[in-house]
Amino acid sequence: DQRLFDDPILLDLLPAPMRFALRVRPIRDRFAAVLDRVAPGIRGAMLCRTRSIDDAVNAAIARGLKTVVILGAGLDTRACRLPQLARTTVFELDLPAIQDFKKSRLAKRLGSLPPNLKFIPADFNVEPIEATLARAGLAADQPALFVWEGVTQYLNPSAVDAVLRTVAARARGTELVFTYILEEVITGRFRADRSAAFRKSASRRPEPWQFGIDPSRLETFLRERGLTLQEDSGADDYLARYLNPLRRPLPVSEIERVARALV
């Protein structure tokens, strides 16, 4: 009764050793405790960002958007677990090897791939995103919702800029919901009032991070690239919107935020 969302599919997409570990509660609880110790608030931030993006996706569909494009989809399961997306066409863009693995696991879990889910092989370092979208058959005059979760920090600023400008060039009514890391986390020049837990979580990363934004500059940053900021949410918003009403005592790091913008 304190869950932020239900995902009955993701576990079956993971490798066998991880599936076993996560199904055994003592192992799962131990894993969560270790993660919370070495990267305070990161687990809470990731859970809350997923719920926040789910809400944005559902709201966009309710407003009439019929197409969803998930950039760097990885093992994203929204096309399968959000009932509202059954009425839309979902394009997932990612590297071919990742998609091949995901398709095999999904087909085994579901029996067949959802007919509205389109896998589009993509390497943003090789092919411009606008060319990938054209190859997928997504017309430039067709409004769509773009979802970009947990990706921007791994890209160089020019690559982020290219994606934002490509989305901004699409039809009016197009929306983008994306996550971004705080610029101070990338530079290591933290605000003086940052806690030890914040600094500790900011130092834990599986790969080098290259891109971040100062929230105070986000609106201008997006406007310069043709997008209008609608919402920018972080830890305080998650606590007020999700955790406090559920009386769920889950620490949430402030190092990452979710933004929503319109064309």
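The values are calculated or read from the model by the stated rules, or taken from the named source; none is laboratory data. Computed from a predicted model, the values in this text were never measured in an experiment. FYI the Cβ positions are ideal-geometry reconstructions off the backbone, even for glycines, and counts take in every protein chain you see. The accessibility values were calculated without ligands, DNA or RNA, using every heavy atom of the protein model including side chains. Shrake-Rupley method; radii C 1.70, N 1.55, O 1.52, S 1.80 Å.
Of the helices (runs of 4 or more DSSP H) lying entirely inside the stretch 82-191, those containing at least 1 residues that are closer than 26 Å to G234 by Cα and in contact with a Gly (Cβ under 9 Å, 6 or more places away or on another chain) span 157-168, 183-187. The selection criterion, being among the basic types (K, R) and over 15 Å from E256 (Cβ atoms), does not hold for R199. Criterion applied to P143, P128, P115 was being over 14 Å from T166 (Cβ atoms) and open to solvent by 60 Å² or more (accessible area, probe 1.4 Å), and the one residue passing it is P115.
Considering only residues in the stretch 155-167 that are more than 23 Å from A56 (Cα to Cα) and not small (G, A, S), the one that is least open to solvent (accessible area, probe 1.4 Å) turns out to be L155. Considering the stretch 30-58, and only residues there that are over 25 Å from R78 (Cα atoms) and assigned to a helix (DSSP H, G or I), the residue that is most open to solvent (accessible area, probe 1.4 Å) turns out to be R30. Only residues that are out of contact with any helix residue (DSSP H, G or I) (no Cβ under 6 Å at 6 or more places or on another chain) and in contact (Cβ under 8 Å) with a residue 60 or more places away in the chain were counted in the stretch 121-152, giving 9.
Among the residues here, R205 does not qualify as part of a strand (DSSP E or B), within 18 Å of the chain's Cα centre (by Cα) and surrounded by 15 or more Cβ atoms within 10 Å (Cβ to Cβ). With respect to the conditions (1) under 30 Å from R37 (Cα atoms); (2) over 16 Å from the mean Cα position of the chain (by Cα); (3) modelled with pLDDT under 95, A162 falls short on a single one, namely (1). Evaluate the following for R194: is it open to solvent by less than 60 Å² (accessible area, probe 1.4 Å) and without any contact (Cβ under 8 Å) to a residue 60 or more places away in the chain? Criteria met by R194.
Looking across F190, F178, F221, one residue alone is farther than 20 Å from P40 by Cα, among the aromatic types (F, W, Y) and over 18 Å from the mean Cα position of the chain (by Cα). It is F221.
The residue of the stretch 59-81 that is farthest from L239 (Cα to Cα), among those that are open to solvent by 20 Å² or more (accessible area, probe 1.4 Å) and in a helix (DSSP H, G or I), is C80. For R172, the conditions (1) without any contact (Cβ under 8 Å) to a residue 12 or more places away in the chain; (2) open to solvent by 30 Å² or more (accessible area, probe 1.4 Å) are fulfilled apart from (1).
Among (1) of a type outside the set (D, E); (2) farther than 20 Å from V258 by Cα; (3) in contact (Cβ under 8 Å) with a residue 40 or more places away in the chain; (4) surrounded by 15 or more Cβ atoms within 10 Å (Cβ to Cβ), which single condition is K108 missing? For K108, the exception is condition (4).
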